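The values are calculated or read from the model by the stated rules, or taken from the named source; none is laboratory data. None of the values given here were measured: they were computed from a predicted structure. Cβ coordinates were reconstructed from backbone atoms using ideal geometry, including for glycine residues, and neighbour counts include every protein chain displayed. Remember, those area values only see protein heavy atoms, side chains included, never the ligands or the DNA or RNA. Shrake-Rupley method; radii C 1.70, N 1.55, O 1.52, S 1.80 Å.
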Amino acid sequence: MIQERIKAHYPHHLTVEKRLTTEKSIYVADYNKQTGSKEGVKLFCCPPTEEIKCFILNNPCGIEITGLPFDKMSFVKPEGGSESQCECVIYPKEGDEESWICFVELKYSAKPANNRSNLIKARRQLLRTQACYRSKQVIDKRNTCYLFASLPKQTEPFLHFTLTQSYLIDLKRRFNIVLRFKNSAEVLNHTMLRV
């Protein structure tokens, strides 16, 4: 269901050579930010052999999931130029109208003093990206939308920034969004992730 809607509104997202469909876990790494290369966001179904830090979506139940990395031209403003977006989207390949969807943003700072500004920016990028999908009705309120801001060079819980419980409850109640600052999550089934 989600993939068909992406195809209808953002067909260029599905033609990305770096997309990954697997029954294994997905590892998300941003090579531009971490290594200074021009390789961009890469998705792997096993830990990368290089010493690179990742966000991990564990998939112990083995359902088929698809990850689509974004680049500067994934979302274009009406007047031209690229929108600010997150690193990638992941969803169950054979999902239905109630399937989960998750968006991931990585910030590669090892300094906890930078967490507040990095996580505020990551949250903004995640909310903007999911809003693009919602505005085109790729997803709606029936889809639980997980937004993950990850600091792969740090261990959880991340210091110097938290979100209030009332804010998180409001996001879930009004938009069916689950926002978390985490380096990993786990697939439970096609409608739910463990965060």
GNM of the chain, Cα pairs under 10 angstrom: of Val16, Val28, Val178, the biggest fluctuation goes to Val16
With a 1.4 angstrom probe the carbon and sulfur portion of accessible area for the chain, in percent, totals 50
Out of Ala185, Ala110, Ala122, any idea which swings most in a Gaussian network model of the chain, alpha carbons joined below 10 Å?
Ala110
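Taking a threshold of 22 Å on the Cα-Cα distance, which of the pairs Lys18/Lys38; Lys77/Lys111; Lys77/Lys153 fall above it? Each step should come with its number before you reach the end.
On the way: Lys18/Lys38 14 Å; Lys77/Lys111 33 Å; Lys77/Lys153 32 Å.
Over 22 Å apart, Cα to Cα: Lys77/Lys111; Lys77/Lys153.
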Of every Cα-Cα pair in the chain, the percent that sits beyond 29 Å
16
Expressed as a rounded percentage, what relative contact order does segment 18-64 have, with Cα pairs under 8 Å and six or more residues apart?
49
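For the chain, what does the relative contact order come out to in percent, with C-alpha contacts under 8 Å and a separation of six or more? Don't skip to the answer; put the middle values down first.
Working: 403 pairs, mean separation 41.6, N = 195.
It comes to 21 percent, rounded to a whole number.
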Return one whole number: the accessible area per residue of the chain in Å², for a 1.4 Å probe.
50
Segment 1-37: trypsin sites (Lys or Arg not before Pro) falling in loop per DSSP and having at most 12 other Cβ within 10 Å
none
